[in-house]
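Chemist: Structure in structure tokens, see below.
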Ligand SMILES: *Cc1c(COP(=O)(O)O)cnc(C)c1O
């Protein structure tokens, strides 16, 4: 490998050596060539195979088969869950199911975890965790008369082991943390933090929204008890696709979730008088699951698995290193700073840059068909998803950002109301 240069030809050299370039052709993108999409951590693009499966589901399974298709649809939440488990999550089959949203699954698992640790009345999470995580846990704590203990996390560096340890004691029932921080992309050491949580006698619940499909995850190997995660980000399963839910094998029969629905019932179609949870992971279903979404999850996970999570991670690290190198070279003199961990081992799939006019810069990029996103208070997030992003896209995207920042061509975009702090 030649050493780093800020010339565009260097990006082309890296692309020529990339074994994964052809995966880009597996997506539906009529105007792919005009678009630089650096926002796959928000909504992934549509795989061709997913489009075909959904079309078949609508035309044949629903259109012709009608209710008879439930014989096969009934299995879909587990089929999709097992595909995620095997391809992306380092989990044996039968431990992941696909249903509901991350928000609802978090509620279900947090409630179940508190019941599992009677006498303990504290939930721990961090003050920079994703809003829905903090809100749901605050709600569960309020409803159950528990305490929500927030550890302080540096917005750019991620969870600190010391502050976690300081928050752990024998009152803690559950610790819920994001594996990859949504804003900075900081990657937590799941195995190490899970050990610390277990030593305090609490359960560890991991939010994988920004890690599933972005970094290799080892749920079984790390000893994690519970996990939740999105499928519409790096798994490319489409807007509102159902979320994943993982419960470690040994815990499945010991935990009881609070929504006693008929899809979680043993012998569902007996229509029995009382709720009796199904054996295994199916007990964590609630009502009729979203089948189209679960088909899209299966295909999204299959496609990532075909590329291989290790290969994807290698390319992802190279891409984010490249973003940082170009940012240092071009953008630092224009008022940007890198607001993600610089050590690749501590970084997930995206890089965040800080700039006073971040919000306007993101808008100005969008006008030129370069999609990134803005996060409060002053961050630009750049997510070069390795399945469909080239080094040349990164070069072109950052070159445009440099041009816009240097010329201040975003000056006509009104800054939003200043945030009250
Ligand atoms: C995207 C994201 C969510 C979204 O939750 P939904 O219920 O799917 O809306 C939750 N947590 C984290 C960490 C996220 O990044």
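Read-outs throughout are calculated quantities, based only on the coordinates presented, and are distinct from any laboratory measurement. For clarity, every value in this text was computed on a predicted model and none was experimentally measured. Using ideal geometry, Cβ is built from the backbone for each residue, glycine included, and neighbour counts are taken over all protein chains shown.
Chemist: Would you mind ranking 4, 263, 391 so that the residue whose beta carbon has the fewest other beta carbons within 10 Å leads the list?
Modeler: Final ranking by Cβ density, sparse to dense: 4, 263, 391.
Chemist: On to the next question. If the elastic network links every pair of Cα atoms under 10 Å, which of 240, 63, 261 fluctuates the most in the Gaussian network model of the chain?
Modeler: Of the options given, 63 has the highest mean-square fluctuation.
Chemist: Hey, another quick one. Which distance in nm do the two modelled labels at residue 276 and residue 28 give, with both placed 7 Å along the Cα-to-Cβ direction?
Modeler: 4.4
Chemist: Tally the DSSP beta bridges in segment 51-306 and give the antiparallel ones as a percent, rounded to 5.
Modeler: Bridges in segment 51-306 are about 40 percent antiparallel.
Chemist: I've got another one for you. Nearest 0.05, what FRET efficiency do residue 15 and residue 406 give at R0 = 25 Å with Cβ-Cβ as r?
Modeler: My answer for the efficiency is 0.45.
Chemist: Here is a further query. Quick check on the chain: take the gyration tensor over C-alpha atoms, sort the square-rooted eigenvalues as a ≥ b ≥ c, and tell me if it's rounded (a/c under 1.5), prolate or oblate.
Modeler: Oblate, since a/c reaches 1.5 and b/c is not below a/b.
Chemist: Hey, in the GNM for the chain with a 10 angstrom Cα cutoff, which one of 217, 102, 67 fluctuates hardest?
Modeler: 67
Chemist: In whole Å, how far is the Cα centre of segment 157-174 from that of segment 321-382?
Modeler: When both Cα centres are located, 30 Å separates them.
Chemist: In terms of the Cα gyration tensor, with a ≥ b ≥ c the square roots of its eigenvalues, is segment 185-286 rounded because a/c is under 1.5, prolate because a/b exceeds b/c, or oblate?
Modeler: Here segment 185-286 falls in the oblate category.
Chemist: Okay, next question. Could you tell me whether segment 50-190 comes out rounded, prolate or oblate from its Cα gyration tensor? Rule is a ≥ b ≥ c as square roots of the eigenvalues, rounded for a/c under 1.5, then prolate if a/b exceeds b/c, otherwise oblate.
Modeler: prolate
Chemist: Arrange 172, 351 by Cβ neighbour counts within 10 Å, fewest through most, would you?
Modeler: By the 10 Å Cβ count, ascending, the order reads 172, 351.
Chemist: Which value, in nm² and rounded to one decimal, describes the direction-averaged projected area of the C-alpha convex hull of segment 281-376?
Modeler: Its Cα hull, projected and averaged over all orientations, spans 9.7 nm².
Chemist: Taking the alpha-carbon centroid of each part, what is the distance from segment 49-114 to segment 175-250 in angstrom?
Modeler: If we compute the Cα centre of each part, the gap is 18 Å.
Chemist: Run the numbers on segment 51-306 and let me know its relative contact order in percent, using alpha-carbon pairs under 8 Å that are six or more apart.
Modeler: For segment 51-306, the relative contact order is 24 percent.
Chemist: Then there is this: Sort 210, 350 so that the residue with the fewest other Cβ atoms within 10 Å of its own Cβ comes first and the one with the most comes last.
Modeler: 210, 350
Chemist: Using just the helices of the chain, give the 222 nm mean residue ellipticity in deg cm²/dmol: DSSP H runs with n ≥ 4 each add -39,500 (n - 2.57), and the total is spread over all residues, rounded to 500.
Modeler: The helix-only estimate for the chain comes to -10500 deg cm²/dmol at 222 nm.
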